[in-house]
Amino acid sequence: ENLFLSGLTAMEKKLAEYKCSTNEAIQLKLVRFPEDLEDENTTFNPEYSHQVFGDDEVAFGYKGLKILLYYIAGNLSTLFRIEYASKVNEKFDCVEADDVESKIREIIPPGFCTNTDDFVSLLEKEVNFKPFGMLLHTYSIHNEEAGEDITYQIYKADMTCPGFREYHERLQTFLMWFIETASFIDVDDERWNYFLVFEKYNKDGATLFATVGYMTVYNYYVYPDKTRPRVSQMLILPPFQGEGHGAQLLETVHRYYMSSPTVLDITAEDPSENYVKLRDFVLVKLCQDLLCFSPVKLMQGFSQEMVTEAQQKLKINKQHTRRVYEILRLRATNMGDAEQSRSYRLDVKRRLIGPYKKKQRELAKMRRCLRPEEMTNQLNQIDLNLQREQLEESFQQLVSDYRRVLERLAQA
């Protein structure tokens, strides 16, 4: 019996060596020059792979597994290859390796290269790739490394642009690796708008375009004759993150919809924490010069005038306008002054307490049915103390988030 157990552990040990983290195994690249293929510095890895490889993000059956997904920087033509040092063998090891290839094939469109030579010859044709759709905005960012300003452009595209449907299929595969709850959208629904960011770069004297990121927006119909665009997905590819492209993209999209009389306001589908910070920054930047947000008016409290003006001029909805007001009011408040800071704190906490009060009422209703009166009072007291603590915590967190927005604003 002991022999059997020790045999089992040896087998388990051996099999454990054949487990690879898929987040490490998947190697992504955006290729501009043939030498990028060999350059480690151009490689980046997914943040997530659970949608493709399960919650533990592991592939079984390989040692030294590499899943290469290389994309040509503009057109996103794909090279897909799997490499490994060794693989378990059904005949000897009585276990089967995961079918990694078919899992990847499920999310990348057909028509990819499987060898480097084909990929490099496609790279030579990249000079013909041009952005899709209509140019909305051009901006430049100073690049320390290159020691020069780099130019970026934002385009609005749709499925009628030749080649865009196929390009979008390649582009959306990145969502799987960088957005936790990503899903592919129904591109046959014409209410989708696509906004794309490209970088202009030079290669042998020619100007080429590289994909930086994109956003999809769905136009909801609002009775009788309006639409309410809702931001669905937004991704700036990792090599470009932290450079300010997200803010440029969001502001450009806002400006695009601002010019449309039929748009009511812009919302977002369950936004991430990072997206909320980005949106705070962009909306405050747009709103700070509106008359209704003058320091005098901010000190008088949140008003209907703010709601109306932000919605009519900038297509910002009430909830977001409220946040903008709180951020701008913080900037106008001297937090060192006891009276001013108390007034600010009360104003924000009054908004934060709304959901608590609602819950409190529901609980009270329940307890009236279930419990004697004196117990209810005690419980309410415990709740109130807890609630005060939570409220203070939420408030402190909010103020530190707001301060970061104001710092970024001061640098902009």
For this session: Run the numbers on segment 14-126 and let me know its relative contact order in percent, using alpha-carbon pairs under 8 Å that are six or more apart.
Result: 26
Seminar exercise, completed: A correct Karplus calculation of ³J(HN,Hα) over segment 213-229, with 6.51 cos²θ - 1.76 cosθ + 1.60, θ = phi - 60°, whole Hz and x for Gly and Pro, returns x, 6, 9, 10, 10, 9, 9, 7, 8, 10, 4, x, 9, 10, 10, 10, x
For this session: For D270, put the label point 7 Å out on the Cα→Cβ axis and report which residues of segment 178-212 keep their amide N under 13 Å from it.
Result: 180-183
Exercise. With Cβ to Cβ distances under 10 Å as the rule, what net charge do the other residues near T42 carry (K, R +1; D, E -1)?
Worked result: -3
Problem set entry | Sequence of W192, W177 when ordered by accessible area, the most exposed leading, probe 1.4 angstrom | W192, W177
Problem set entry | Within a Gaussian network of the chain (alpha carbon springs, distance under 10 Å), most fluctuating of R105, R230, R367 | R367
For this session: Report, in degrees rounded to the nearest 10, the 0 to 90 angle that the Cα long axis of helix 116-125 makes with the longest principal axis of the chain.
Result: 60
For this session: Arrange the residues K203, K66, K313 by how much accessible surface each exposes, largest first, with a 1.4 angstrom probe.
Result: K313, K66, K203
Exercise. With r defined as the distance between the Cβ atoms of Y223 and E35 and R0 fixed at 56 Å, what FRET efficiency is calculated, to the nearest 0.05?
Worked result: 0.50
Exercise. Of the beta bridges DSSP finds with both residues in segment 14-126, what % are antiparallel, to the nearest 5?
Worked result: 65
For this session: Give the relative contact order (percent, whole number) for segment 260-412; include only Cα pairs under 8 Å separated by 6+ residues.
Result: 26
Exercise. Largest first, what is the accessible-area ranking of F60, F293 with a 1.4 Å probe?
Worked result: F60, F293
Exercise. Taking Cα pairs under 8 Å and at least six residues apart, what relative contact order does the chain come out at, in percent?
Worked result: 9
For this session: Using a 10 angstrom cutoff on alpha carbons, build the Gaussian network for the chain and name the most mobile of Y221, Y70, Y402.
Result: Y221
For this session: Compute the FRET efficiency between R404 and M258 as 1/(1 + (r/R0)^6), taking r as their Cβ-Cβ distance and R0 = 22 Å, and round to the nearest 0.05.
Result: 0.30
Problem set entry | Acute angle (nearest 10 degrees) that the helix 318-332 long axis makes with the longest principal axis of the chain, alpha-carbon atoms | 70
For this session: Quick one: accessible surface of S272, probe radius 1.4 Å, all protein chains present, in square angstrom to the nearest 10.
Result: 60
Exercise. Can you give the accessible area of M299 in Å² (nearest 10), computed on protein heavy atoms with a 1.4 Å probe?
Worked result: 80
Problem set entry | Greater than 32 Å apart at Cα, pairs in K66/K156; K315/K365; K156/K277; K318/K359 | K66/K156; K315/K365
For this session: Kindly express, to the nearest 10 degrees and within the range 0 to 90, the angle between helix 245-258's C-alpha long axis and the longest C-alpha principal axis of the chain.
Result: 60
Problem set entry | Sum of -39500 (n - 2.57) over DSSP H runs of 4+, divided by residues of the chain (222 nm, nearest 500) | -15000 deg cm²/dmol
Problem set entry | Choice from A210, A16, A182 with maximal GNM fluctuation in the chain (Cα, 10 Å cutoff) | A16
For this session: Please give the contour-minus-distance gain from Q312 to E17: 0.36 nm per residue of separation, less the Cα-Cα distance, rounded to one decimal in nm.
Result: 100.1 nm
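The values are calculated or read from the model by the stated rules, or taken from the named source; none is laboratory data. These numbers were taken from a predicted model, which means no experiment stands behind them. Using ideal geometry, Cβ is built from the backbone for each residue, glycine included, and neighbour counts are taken over all protein chains shown. Quick note on the areas: whole protein, heavy atoms, side chains included, nothing else; ligands and nucleic acids left out. Shrake-Rupley method; radii C 1.70, N 1.55, O 1.52, S 1.80 Å.
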